[in-house]
């Protein structure tokens, strides 16, 4: 199941709103006739009962979650560290981070997946229960300013917007902001 | 802290001298491997003292000494020379060198002569 | 390790070989132009230097032969000796002999130089231009001349860095193979893996050794720097340096260069008073600054001491409270050494009170970060009005360090030996509950002991450091660590061996977690957390204070 994202590939115009397994990025199905409206390529996964998306540029790889060494006295959202091909990477639990009520543990045969996220200054792993999927959608499908976002505190600004696809609501995250300054400080306390 | 310029064409000799002097708390501000550099550095750095080897690849130490004295008559110069150069050493002393050290030298001897020379007015 | 003698010897040999090559070149030219005074002067100079250097270092044979050749050439220079074919032959042979002597400095089996050749040299030197002298034929002991290049090479540090990284990876795989071979019980594999073990270790230490430089290469820059800062500050400072010969990894030296410069600058700018103030206080007008390096077990200790105004502890305590780092009550009972350690807190430095009165604050957290990043320790001792000492404890080499491996609640940990004092096994009955903590008598010293399970894995609100009943088993393994002159015993679940580990630093965002200095990969491939002793000690103290305050 592990897949590497193909970096630096120009994304051709694609039919929007197509959910495909993350192993293919759906580019073969490109419809050349479409107007070249900019596209968003997301990796979509489930946390709790909701779907979340991360822009593919921010995802370095998807892998079966390796053995995690717990690190005592770190915030609950830090699950620990893991050895991913010689790199020691912090593994985060976003359900804990967003205080999402987890779905009753139902992941098939206990296998979970880890998205390795490459943010500006750091790499982190994010554990998800189900196989992440790949999704293309046109930028216009992303509502950057849903009204509820304007009401909540600034610290929640890691939500880049909400996309509606096939009656599904996808919360698009900006991983560069996922660990706010506060939390990094919390790590060192 | 007194500032010293070392003139010697042998890297080994310069290293030994520099270590001895630095350990004793002197500030070795420069090292010159030949006469030309020696003259330039003496002018530029204005050290408190110059240790001068008498046999150099371009000029003789004697020429360097005269060159220094022509520009900076008060510059303190101590001659460093191996045995067998007594004639040159004598001439150097007549030309304003304060003292001389004979190679191979002991650390005590070097420090004694240098501190003595630095005290002289 | 390279001593200064070793360094002198290497320089001597490298330079002597250069001279030897140049002599060969010039003497061949001289054959074609026997009247060339410049060539003669140059040959004379080279021999002269070789003589003096050899005499200084104590290679008397080399200085003796150089002396004879030097005399011969000075006779030729003064036209007292003809540069005839016969003479040329002897001189060439003399130069060859010099080359041989230089090449065989370390060869104990090298015999005496050919007496016939020495006699021929004497004849040339002593008998002047007596044409009747017989120059005996010298037996050529070395017909096929070896071409030789310099014994020293310069190498870019990044190439050494690369080698060290590679060897770090190799060590990890080596450990893996050794542990697999133990499980597999295959004799052939065991033999190969034990050989692999040995050569990897050898390789590792050879690379570490190649990276070592004398601390003098940094120290020697300070006289000038101190002079310049002192002049700018209108202060008189006398700098003493010691320990130039101490060897340390070049990159470690590089990393602490700025820190040391910073500390020296602070010491002069804020520590040492102006001459008139010093005289008023009854101190000599000239301030004393000393920078001393020494070997301390496997590590290098660098100490910077000034006799300036020192740090006002009451101001430090006040700043700790003002910055809400500790309560008033807690600060009162804080030992002086502990209070001083707050100077290294990030942001603490900006405390106006401290900079005004002691001026010590600026950027000390940066210094501490640099020292921490290489797994070192820093401590400050100070007495108001008397002076301040900074002590840096640094590892000799970066990548590999000795560590003690152990386990607590099924997590593997390592503590670098730089922080461990000793390991003791004690029965629970020897541990006593005193004032909310456990204490033990270790060789006559009362030491506070903490169960790491309690410190690391019990819910913070439920921590109880003073409850013996929580300990599992009868005998407890205790690792005694020390930080800031204070000892603390850590009770672990399982104690493993002492082992050299390659510490990988934690990447962002985890790099800000104090408790862990990094991680290392074990032979099994599992991740082992490297505990940071200063942080663990601080964490224990702050938890204890919180509990006491409740």
_I'm checking my understanding of the structure. Among residues of the stretch C:218-249 that are under 26 Å from the mean Cα position of the chain (by Cα) and without any contact (Cβ under 8 Å) to a residue 24 or more places away in the chain, which one is farthest from the other protein chains (Cβ to nearest Cβ)?_
C:221
*Unmet criterion (only one of (1) in a helix (DSSP H, G or I); (2) away from chain A (no Cβ under 13 Å)) for residue C:546*: (2)
*Filter the stretch A:69-91 down to residues that are touching a residue at least 40 places away in the same chain (Cβ under 8 Å) and assigned to a strand (DSSP E or B), then give me how many there are.*
4
*Residues that are at pLDDT 85 or above and under 15 Å from residue B:28 (Cβ atoms), drawn from the stretch C:219-243*: C:219, C:222, C:226, C:239, C:241
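Tell me which residues, restricted to the stretch A:118-136, are assigned to a strand (DSSP E or B) and either farther than 14 Å from residue A:79 by Cα or within 14 Å of chain C (Cβ to nearest Cβ) (or both).
Step one: of the stretch A:118-136, the residues assigned to a strand (DSSP E or B) are A:118, A:123-128, A:133-136.
Selection gives A:118, A:123, A:124, A:125, A:126, A:133, A:134, A:135, A:136.
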*When the residues of the stretch C:515-534 are filtered to those that are more than 8 Å from chain A (Cβ to nearest Cβ), touching a strand residue (DSSP E or B) at 6+ places or on another chain (Cβ under 8 Å) and not in a strand (DSSP E or B), which remaining residue is surrounded by the fewest Cβ atoms within 10 Å (Cβ to Cβ)?*
C:522
*Please work out if residue C:537 is in a helix (DSSP H, G or I), more than 11 Å from every other protein chain (Cβ to nearest Cβ) and surrounded by 22 or more Cβ atoms within 10 Å (Cβ to Cβ).*
yes
*From (1) closer than 27 Å to residue C:470 by Cα; (2) within 14 Å of another protein chain (Cβ to nearest Cβ); (3) crowded, with 18+ Cβ neighbours inside 10 Å, pick out the condition that doesn't hold for residue C:481.*
(2)
*Just need a number here: residues in the stretch C:492-514 that are part of a strand (DSSP E or B) and in contact with a helix residue (DSSP H, G or I) (Cβ under 9 Å, 6 or more places away or on another chain).*
7
_Subset of the stretch C:187-213 that is out of contact with any strand residue (DSSP E or B) (no Cβ under 6 Å at 6 or more places or on another chain) and closer than 20 Å to residue C:301 by Cα - its residue that is nearest to the other protein chains (Cβ to nearest Cβ)_ = C:213
*2 or more residues within 14 Å of chain B (Cβ to nearest Cβ) and surrounded by fewer than 18 Cβ atoms within 10 Å (Cβ to Cβ): qualifying helices (runs of 4 or more DSSP H) within the stretch C:1-114*: C:4-32, C:37-57, C:60-77
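Being exposed (fewer than 14 other Cβ atoms within 10 Å of the Cβ) and outside any helix (DSSP H, G or I) is true for just one of C:232, C:285. Which residue is that?
C:285
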*Residue count for the stretch C:134-186, restricted to those that are under 30 Å from residue C:99 (Cβ atoms), loosely packed, with under 15 Cβ neighbours inside 10 Å and either at pLDDT below 75 or touching a strand residue (DSSP E or B) at 6+ places or on another chain (Cβ under 7 Å) (or both)*: 19
*For the stretch C:441-456, what are the residues that are under 15 Å from residue C:482 (Cα atoms) and surrounded by 16 or more Cβ atoms within 10 Å (Cβ to Cβ)?*
C:442, C:447, C:448, C:449, C:450
*Could you say whether any residue in the stretch C:457-473 is surrounded by 19 or more Cβ atoms within 10 Å (Cβ to Cβ) and under 30 Å from residue C:202 (Cβ atoms)?*
no
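Only one of A:66, A:72, A:38 is within 14 Å of chain C (Cβ to nearest Cβ), surrounded by fewer than 18 Cβ atoms within 10 Å (Cβ to Cβ) and at pLDDT 75 or above. Can you tell me which?
On inspection, the qualifying residue turns out to be A:66.
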*Complete set of residues in the stretch A:97-117 that are surrounded by fewer than 18 Cβ atoms within 10 Å (Cβ to Cβ), modelled with pLDDT under 80 and either out of contact with any helix residue (DSSP H, G or I) (no Cβ under 7 Å at 6 or more places or on another chain) or within 14 Å of chain C (Cβ to nearest Cβ) (or both)*: A:99, A:100, A:101, A:103, A:104, A:105, A:106, A:107, A:108, A:109, A:110, A:111
_Yes or no: the stretch A:76-84 includes at least one residue that is under 30 Å from residue A:164 (Cβ atoms) and within 14 Å of another protein chain (Cβ to nearest Cβ)._
yes
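The values are calculated or read from the model by the stated rules, or taken from the named source; none is laboratory data. Fair warning: this is a prediction, and the values are worked out from it, not measured in the lab. Virtual Cβ from ideal backbone geometry, glycine too; neighbours counted across all protein chains shown.
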